[in-house]
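Scroll down for the structure; my scribbles are underneath it.
Derivation of every value follows stated rules applied to the coordinates shown; laboratory data play no part. Here the structure is a predicted model, which is why all the values come from computation and not from measurement. Cβ: placed from backbone, ideal geometry, glycine included. Neighbour counts: every protein chain shown.
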């Protein structure tokens, strides 16, 4: 049975829109500020706290990583965790957690 070309193209396009198994948004957990004001822009310290909390929640041992580095880009913070150890660093011994400033959702991307 032949698949019509339009259905094959639609399936191909949809396959490209799915999230990679390596990039996992945290949809089941949203971080909130202790003072309850979630509308104000996040500070670097808050972004780092949220990223650390998300890493621990995912079972990562932060003792195996150097101090994270946070970079702001528009309304998101990207927090990079680099593995400790002698050079050259091992393949995949790092990860990033992106924090959306609007809703405080996180997006985890492991090293490759």
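Residues considered: 112, 52, 72, 102. Of these, the only one that is surrounded by fewer than 18 Cβ atoms within 10 Å (Cβ to Cβ) and assigned to a strand (DSSP E or B) is 72.
Which residue, of 47, 63, is closer than 15 Å to residue 107 by Cβ and part of a helix (DSSP H, G or I)?
47
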